[in-house]
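The structure under discussion appears below in the form of structure tokens.
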Amino acid sequence: MRLGSINGLQFKQLKLVILAFFMMFLLWKWEKGTYDTTEILRPDSLVLTHPANSKFFDQHTSSDEDFPNEDRLPQSIVKVEQKVSDAPSPLSIVSDSDDVADERESPTSEKKECDYRNGKWISANHRPLYSGFGCKQWLSESWACRLTQRTDFAYEKFRWQPEGCEMREFESSQFLRRMQDKTIAYVGDSLGRQMFQSMMCMVTGGKERPDVEDVGAEYGFVLAPGAKRPDGWAYRFPSTNTTILYQWSSTLCDLEPLNPSDRATSYAMHLDRPPAFLKTNLHRFHVLVLNTGHHWNRGKLRANKWEMYLGGAPNNNRNIAVIWKAKNFTIHSVIKWLDTQLPHHPQLKVFYRSLSPRHFFNGDWNTGGSCDNTSPLAKGSGIFQNHSDDLDAESAVMGTRVKLLDITALSRLRDEGHISRYSIKATQGVQDCLHWCLPGVPDTWNEILAAQL
């Protein structure tokens with residue numbers, strides 16, 4: 001009996017030892033499984049990689065993805081990986097990842113501004129915002145494609161949907177109320193004039209408005225002897241005391257006649273001086289939209305008799321004399337000047353509009369170049385990128401109070417929206433793949449502008 005008791009006790013101890021080893025083995029396997037799971041899940045953090053390096057960029061499907069702010073990217077990855085490594089079970093990993101997202105979006109973190117340059121074009125059957133047959137009071141015939149032989153108008157039926165935020169539908173009466181007692185000024189080239197005419201059509205709904213006052217004389221917009229048109233237009237809506245104007249300044253340089261008494265004189269093109277119109281009227285503006293670009297070529301300078309000046313004298317700096325460098329110098333110069341003026345005009349918001357893309361294929365405007373495509377969004381519908389397609393404009397506004405109205409990439413997708421061969425005074429073999437049909441793409445530029453006011 002005594003021997004049997006001892007043997008029984010030893011057997012029980014052996015069972016306890018075996019059970020202890022078995023439990024240690026299970027614990028080891030469980031820990032090994034957790035770390036293996038961590039290694040499998042770690043590649044999921046690649047979802048946080050910036051879209052410019054992902055498949056979504058090329059496929060234009062990024063509008064369905066929610067990517068974090070680039071500045072917070074490294075910190076976000078560290079947090080997710082740390083949560084995974086310390087997690088006791090796979091279920092907790094998902095939960096902790098959600099906690100990281102919640103922490104990232106907590107009220108204490110700074111809210112990210114809407115980036116209107118990224119998004120996608122979507123179908124909108126209720127478009128356009130005004131009739132292409134109407135708006136004759138404000139719209140140039142040459143840009144009203146409904147009045148031409150063109151028969152496809154699908155380009156009118158799209159609107160821009162920004163990535164990650166909503167852009168309100170433009171409503172004319174609401175916009176005028178918001179702009180009560182304010183002046184909106186467009187200063188730039190013919191693409192700036194298209195934007196101005198687009199806004200006039202949008203605000204009036206393309207309807208005749210005999211109550212709107214022509215106040216161009218208040219800004220010096222009078223027809224000079226021998227001129228085809230004045231240097232600008234200005235109209236006031238009496239109901240809200242809202243003024244909308246445009247001033248032609250294709251290079252954003254101050255132009256000064258070298259011999260004022262000679263009608264055929266050349267002009268000093270002061271690269272380092274803003275247009276005199278801006279200096280004289282800046283205090284009257286509440287919204288200012290600037291643009292330049294397509295007039296910067298040797299042909300235009302020669303035809304207009306413009307001579308580059310710097311520091312009040314003919315430019316002798318060969319580096320700046322290169323056309324694209326002269327353009328960039330001028331853009332930086334005028335934006336820098338405006339940045340110094342803005343503290344003195346707290347009511348003023350200034351936007352520099354990026355370059356409107358040309359779509360000449362198989363040649364240029366004078367060598368048989370064309371834009372015959374009539375299929376909307378043939379090259380894709382969406383944009384998601386870190387930087388502007390107009391890097392010169394982006395660098396010019398960086399670090400200033402001037403905002404970039406970035407329309408280059410989204411407009412590049414709309415080559416079917418140009419006037420093409422269908423202008424009123426069409427010349428055989430010459431197409432306009434620079435200017436846009438109205439209503440059309442410039443309406444979207446104004447919608448993005450209105451959303452930021």
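Every number here is computed from the coordinates shown, using simple stated rules; none is lab data. None of these values were measured; they are calculated from a predicted model. Ideal geometry is used to build each Cβ from the backbone, glycine not excepted, and the neighbour counts take in all protein chains shown.
Please work out the Cα convex hull volume for region 404-450 and give it in Å³ per residue.
Numbers: hull volume 3.7 nm³, N = 47.
Given the Cα convex hull of region 404-450, per-residue volume reads 79 Å³.
Using alpha carbon centroids, what distance separates region 284-337 and region 395-445, in Å?
Distance between centres, Cα-based: 21 Å.
Take region 119-451, compute every pairwise Cα distance, and split them into 10 Å bins from 0; I just need the percent in each bin.
5, 25, 35, 27, 8, 0
I'd like the Karplus ³J(HN,Hα) series for region 318-326: coefficients 6.51, -1.76, 1.60, θ = phi - 60°, whole numbers in Hz, and an x wherever there's a Gly or Pro.
Listing the rounded values in order: 4, 5, 6, 5, 4, 3, 5, 6, 5 Hz.
Using the reciprocal of the averaged 1/r over all distinct C-alpha pairs, how large is the Kirkwood radius of region 152-277 in Å? Please list the in-between numbers first.
Values: mean 1/r = 0.0584 Å⁻¹.
Hydrodynamic radius (Kirkwood, Cα only) of region 152-277 equals 17.1 Å.
In bins 5 Å wide, starting from 0, what share of all Cα pairs of region 231-309 does each bin hold, as a percent?
3, 13, 21, 22, 16, 11, 8, 4, 2, 0
For region 279-407, just run the numbers: alpha carbon Rg, then divide by 2.2 N^0.38 Å, N being how many residues it has.
Details: Rg = 17.8 Å, N = 129, 2.2 N^0.38 = 13.9 Å.
My calculation over the Cα atoms of region 279-407 gives 1.27.
Provide MET199, MET308 in ascending order of the number of other Cβ atoms located within 10 Å of each residue's Cβ, fewest first.
Numbers: MET199 25, MET308 20.
Taking fewest neighbouring Cβ atoms as first place, the list is MET308, MET199.
Which peptide among 157-166, 347-356, 324-333 comes first, and what is the full order, when sorted by highest mean count of other Cβ atoms within 10 Å? Present the calculation step by step, with values, prior to reporting the outcome.
Values: 157-166: 17.4, 347-356: 21.9, 324-333: 19.0.
Most protected by this proxy first, the peptides run 347-356, 324-333, 157-166.
How do PHE384, PHE361, PHE237 rank when sorted from fewest to most other Cβ atoms within 10 Å of their own Cβ?
Details: PHE384 24, PHE361 13, PHE237 19.
With the fewest neighbours first, PHE384, PHE361, PHE237 line up as PHE361, PHE237, PHE384.
For region 398-404, in order, what is each residue's ³J(HN,Hα) by Karplus, 6.51 cos²θ - 1.76 cosθ + 1.60 with θ = phi - 60°, in whole Hz (x at glycine and Pro)?
Once rounded to whole Hz, the list reads 4, x, 10, 8, 7, 8, 8.
Hey, can you grab everything whose amide H is under 5 Å from the amide H of GLY132? Only 5+ residues off in sequence or another chain; H modelled, so Pro and N-termini drop out.
none
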